[in-house]
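Quick note: the coordinates plus some simple rules give every number you see, no bench work behind them. Model, not experiment: these values are computed from the prediction. With ideal geometry, Cβ positions are generated from the backbone for all residues, glycine too; neighbour counts draw on all protein chains shown.
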C-alpha cells in the first residue's frame, strides 16, 4: 500500500477540480465545496475581504509560499485592505493559473484551472503590482478561494473620465470603479470602526464571556453561536442589548493595555446573575474570558484621501509619534492600523487626516511620505489607518497637522 497517500491526494484533487479529463488544464465545474474561508454570509464585499485578512492572514501567506509567489503576499494584503476591488464575472472557458482552497483543515493548491461551470462565476477582482508586473487576483463570492487569474507586464493606468457617447455612457455606468480610484468614498469602514485596535484607558470591565453552548467542542466561537456572560438581570441587563466584544493584550509603552475588538453580541436570554448572548458579527476569534461593553454606534466618514504632496516643513499644530503597529512586522503599508501618542488631550478627532514624516537629517527638509486617518480616539492615544504611503510606516515615525500651501 505504498501508493495509498498518492491515491488519496489524487482523488482529492479530482473532486475539488471536477476534472472532465486528464488534460493539463483542469476543468472546474463547481465552487464552494472546499472553502478557503467562510465569507459568503458577509453582505458587503469590502467587509468580506477585510475579514479574510483578519482571520486567515497566516493561511494566505502559507498558500502564496506554496504557489511560489511569496513575494506577492504583502502587495496582495495591501490591496485587500484598501478594498481596491471590482465585482465582475469569470466567463465560461476563462482560465486561472492557480487557486488556493481548504481541504481537511489544510491549505491546498490547484494549478492550471479552467472555469467550466454552467454559468459565469461571480467574483471579486483586483490587481496587485510588483516589479512592474500586474497580477490579477479573483475570489469567488461563495467561498473566498484565492486565485491568480493572469499576469501582465506593466502597471495599469488609473481609470480616466473620458467623454462618451450617450449609448456608451449608459453601458459604462453599469461598471463600478475600483474604490481606490474613487474621489469620494468611505474613509472608515465598519471593520475600522468595530474591529480595529485601541489602547484601554480605563480599568477592565467586569462583564466577561464565561463560555459557549457546546463549548467543549471548540475553543473559538463564531457568528450565530451563543455565549454565556457573568452578568444578568440584577446588573441591569435587558434582552436585546448589544455589546462590543474585545480582548486585552500587552501594555503599550505605559499608555495602557492593547485592546483588540473581536465583534458584537446581543443578549437573548436573562437570569438573575447570568445571561446568554448571540454573536451577531465576529471579526476575530471570540473566546472565553474576553470582555464586553455596551455597543455604541459610530459614524463613518465619507471623504477623499488628501495624500501627502505637501510642503516639506514643520507647521504649528499636532505633533506625535507612531507607538504601535497592527502587524508583528516592524512596518506597515496602506490599509493597516497604527496607534499614535495623540488623544483627546491633544484635541484629535475621528476622521481627521494627519501627515506621516521622518527627519532623516538635522536641518534638512522633512521626508513626508504618507497620510493617515484617525479611526478611534482615547484619552492619550488614537488609532489611525494608513490611507496612502510611498514608503513603509515604522515605529517611531512622526505625525503632524497637514501643512497648507
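Odds and ends about this structure:
- According to the Kirkwood relation over distinct C-alpha pairs, the hydrodynamic radius of the range 193-294 is 13.7 Å.
- Contour excess over end-to-end distance, with Cα ends at residue 204 and residue 313 and 0.36 nm allotted per residue: 35.1 nm
- Global form of the range 59-110, assessed from the alpha-carbon gyration tensor, a/c cut-off 1.5: oblate
- Viscosity 1.567 mPa s, 4 °C: Kirkwood-radius Stokes-Einstein D of the range 275-357 over Cα pairs, µm²/s: 77 µm²/s
- Taking the empirical scaling 2.2 N^0.38 Å for compact globular proteins as reference, the range 305-400 has a Cα radius of gyration ratio of 0.98.
- Taking the square roots of five times each eigenvalue of the Cα gyration tensor of the range 75-146, the equivalent ellipsoid has semi-axes of 20, 16, 13 Å, listed largest first.
- Gain upon complete extension [residue 304, residue 111; 0.36 nm per residue less C-alpha separation]: 65.5 nm
- Size descriptors for the range 356-400: radius of gyration and Dmax over Cα atoms are 11.7, 33 Å.
- For the range 252-282 versus the range 61-135, the gap between their alpha-carbon centres in whole angstrom: 34 Å
- By average C-beta atoms within 10 angstrom, highest first, the peptides 92-103, 300-311: 92-103, 300-311
- Shape category assigned to the range 326-368 from the gyration tensor of Cα positions, a/c cut at 1.5: oblate
- Descending by average beta-carbon neighbour count within 10 Å, the peptides 249-256, 262-269 line up as 262-269, 249-256, the highest first.
- With neighbour counts taken as other beta-carbon atoms within 10 Å, the residues 108, 362 rank, fewest first, as 362, 108.
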